[in-house]
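The values are calculated or read from the model by the stated rules, or taken from the named source; none is laboratory data. The structure displayed is predicted, hence computed values, not measured ones. Neighbour counts are summed over all protein chains in view; Cβ atoms, including those assigned to glycine, are modelled from backbone coordinates with ideal geometry.
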Amino acid sequence: MLLEDLQVVLKVAEFRSITAAAASLDMRTATASAALKRVESTLGVELFIRTTRQLRLSYAGERYVPQCEQALLMLDQARQNMKDDLDIVDGELRIALSSDLGRNLVIPWLDEFMDTHPKVSLKTNVSDSNIDFYRDSVDIALRYGSPADANLYGFKICNVPVPLCATQAYLDNNGTPKHPHDLVTHNVSLLPALRYHS
């Protein structure tokens with residue numbers, strides 16, 4: 001019986017469906033079903049009562065699943081404590097970038113990050129559309145300005161250099177600023193600092 005098999009059991013208990021559990025774990029339904037059968041065979045009991053319309057926990061499953069969940073949480077915490085002690089950074093990081101930030105600023109940061117933490121698997125989503133953290137499976141997003149969603153937390157990570165540009169016609173009509181303080185009287189559109197959203 002593998003730890004991965006126990007993860008399948010917990011997902012099946014959560015979704016009450018082998019198919020939904022498999023989709024959540026990004027595996028084939030047949031693979032999830034085989035994992036569940038291995039666990040039940042090892043334990044010598046059926047954890048779920050299967051009918052044509054639904055799947056529910058058996059009496060043995062109701063007793064086993066909560067303890068199994070606690071055991072896996074303890075193992076995960078022990079593993080995390082070990083990583084913290086050894087200063088190990090690993091796992092998958094899913095990051096969303098707007099296209100201009102990705103091309104012009106962030107890519108060198110990511111290269112340096114991956115060189116420093118080679119055990120991290122990085123998935124990037126480059127898009128200028130709004131990010132739904134639940135639908136798009138994203139851990140962090142780098143965007144200009146503060147998040148519009150009150151449920152998201154954002155903080156400033158850097159200033160983005162922004163060139164000031166004007167047409168000759170604008171300067172002819174409004175004059176050429178000589179000092180940054182002069183910009184107060186001009187029609188200026190500036191991008192705010194880059195922020196991290198999570």
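Some values worked out for this structure:
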{"quantity": "Sole exception among (1) under 15 Å from I95 (Cβ atoms); (2) loosely packed, with under 14 Cβ neighbours inside 10 Å for A150, by number", "calculated": "(1)"}
{"quantity": "Number of positions in the stretch 96-136 that are in contact with a strand residue (DSSP E or B) (Cβ under 6 Å, 6 or more places away or on another chain) and within 15 Å of L152 (Cα to Cα)", "calculated": "2"}
{"quantity": "Residues satisfying the stated conditions in the stretch 142-195, i.e. modelled with pLDDT under 75, part of a strand (DSSP E or B) and touching a Ser or Thr at 6+ places or on another chain (Cβ under 9 Å)", "calculated": "Y144, R195"}
{"quantity": "Residue check for L110: assigned to a helix (DSSP H, G or I), modelled with pLDDT under 90, of a type in the set (A, V, I, L, M, F, W, C) and surrounded by 15 or more Cβ atoms within 10 Å (Cβ to Cβ)", "calculated": "yes"}
{"quantity": "Failed condition for G91, given (1) at pLDDT 75 or above; (2) at negative phi", "calculated": "(2)"}
{"quantity": "Given (1) assigned to a helix (DSSP H, G or I); (2) touching a residue at least 40 places away in the same chain (Cβ under 8 Å); (3) of a type in the set (A, V, I, L, M), number of the condition A96 does not satisfy", "calculated": "(1)"}
{"quantity": "Failed condition for R103, given (1) among the basic types (K, R); (2) in contact (Cβ under 8 Å) with a residue 40 or more places away in the chain; (3) assigned by TED's automatic domain parsing to the domain that holds S129", "calculated": "(2)"}
{"quantity": "Selection from the stretch 123-132 of residues that are out of contact with any helix residue (DSSP H, G or I) (no Cβ under 6 Å at 6 or more places or on another chain) and either surrounded by 13 or more Cβ atoms within 10 Å (Cβ to Cβ) or closer than 15 Å to R94 by Cβ (or both)", "calculated": "K123, T124, N125, S127, I131, D132"}
